[in-house]
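Inspection log for the structure reproduced underneath, given as structure tokens.
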Amino acid sequence: MSEKRILTGEKIIVQVGKLNIGEGYPPIYMSGPCSVESKEQILETAHALKEIGVEVLRGGVFKPRTSPYAFQGLGIEGLEYLKEAGEAVGVPIVTELMDEGHMDVISEYADIIQIGSRNMFNYSLLKAVGSLDKPILLKRGMCATIEEWIMAAEYIAAYGNKNIILCERGIRSFDTYTRNTLDLAAVPIMQKETGLPIIVDPSHGTGVKELIAPMAKAALACGADGLMIEVHPNPSCALSDGHQSLTFQEYEKIRKAI
Ligand code: PEP
Ligand code: MN
């Protein structure tokens, strides 16, 4: 690994409004639907999650979909709905930035900017968000080694932004039983190597509803600072990732258990 590093392992706490992310306990939950689908859907979700407990409301508006024919997200309109929902319940919002052309509008609306798994290797996008002072949620590339992930974070830091939250979301392995293979050893490794806060996404990490609760518990047991969990008012009708999205009741059960 390169000798020169800005992220040395010295502890970094990322502040988002009143939240201090990186303190371990209590965990930060970034929850909400895979995609913002309508104003009603995200408002209903925001109110329900606020009641149950949520620190950051998530919702994709520019969606990286495998098929060009699949729902691509509501774009700026969705961003407005997400913002309105976050404000209605008084919680910060996180959404994915896919294209540098949308960086200004997303940084105006969102409290945390997500760089998705598919863009962890997009070095020009990493440099671009490095020039912001917004918190960045950097998801692990689905085929990224630990070293590559560290260096992706280092890109953002090197261009001036150390407000980085890491997110372990599973990697592709030979095993296709689960959508991805959740690498929980990455949690203490990345904390030691970078000092950055790290959350775990068992929704994309497993793609299996029943595995979300046990993996959420395991993530917190090994020191994760929070969780990203997909929740939908009616998962069977979701426009993306319904199979791995929890109902409000299922989400509540997890929050009560850990
Ligand atoms: C997401 O969180 O909406 C998402 C697309 O996840 P990932 O980039 O980890 O696949
Ligand atoms: Mn999803």
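The values are calculated or read from the model by the stated rules, or taken from the named source; none is laboratory data. In this text, all values refer to a predicted model and were calculated from it rather than measured experimentally. Virtual Cβ from ideal backbone geometry, glycine too; neighbours counted across all protein chains shown. With ligands, DNA and RNA removed, areas are computed over all heavy atoms of the protein, side chains included. Shrake-Rupley method; radii C 1.70, N 1.55, O 1.52, S 1.80 Å.
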Looking at (1) open to solvent by 40 Å² or more (accessible area, probe 1.4 Å); (2) away from ligand 1 (no atom under 15 Å from the Cβ), which one does Met215 not meet, given that it meets all the others? (2)
Do any residues in region 232-245 that are farther than 17 Å from Gln72 by Cα have Cβ atoms under 7 Å from those of residues that are open to solvent by 70 Å² or more (accessible area, probe 1.4 Å), where the two are at least six apart or on different chains, and which pairs are they? Pro233/Glu44
Number of the condition not met by Val129 [criteria: (1) closer than 21 Å to Gly75 by Cα; (2) assigned to a loop (DSSP other than H, G, I, E, B)]: (2)
Going by the conditions given, is Ser173 touching a residue at least 24 places away in the same chain (Cβ under 8 Å) and among the small types (Gly, Ala, Ser)? no
Restricting to region 49-79, and then to whatever is within 15 Å of Tyr29 (Cα to Cα), of a type in the set (D, E, K, R) and assigned to a helix (DSSP H, G or I), can you tell me which residue is most open to solvent (accessible area, probe 1.4 Å)? Glu51
Scanning region 94-113 for residues that are within 16 Å of ligand 1 (Cβ to nearest atom) and open to solvent by 10 Å² or more (accessible area, probe 1.4 Å) gives Glu96, Met98, Asp99, His102, Asp111
Where in region 183-258 are there helices (runs of 4 or more DSSP H), lying wholly inside it, with at least 1 residues that are in contact with a Gly (Cβ under 6 Å, 6 or more places away or on another chain) and of a type in the set (A, V, I, L, M)? 186-194
Those residues that are basic (Lys, Arg) and without any contact (Cβ under 8 Å) to a residue 60 or more places away in the chain, I need them from region 1-54; list them, please. Lys4, Lys18, Lys39, Lys50
Mind checking whether some residue in region 43-63 is among the small types (Gly, Ala, Ser) and within 14 Å of ligand 2 (Cβ to nearest atom)? yes
Scanning region 64-103 for residues that are under 23 Å from His47 (Cβ atoms) and of a type in the set (Lys, Arg) gives Lys83
Among residues belonging to region 218-236 that are surrounded by fewer than 24 Cβ atoms within 10 Å (Cβ to Cβ) and closer than 16 Å to Gly60 by Cα, point out the one that is nearest to ligand 2 (Cβ to nearest atom). Pro235
Residues of region 80-126 that turn out to be within 30 Å of Glu148 (Cα to Cα), part of a helix (DSSP H, G or I) and in contact (Cβ under 8 Å) with a residue 12 or more places away in the chain, as a count: 14
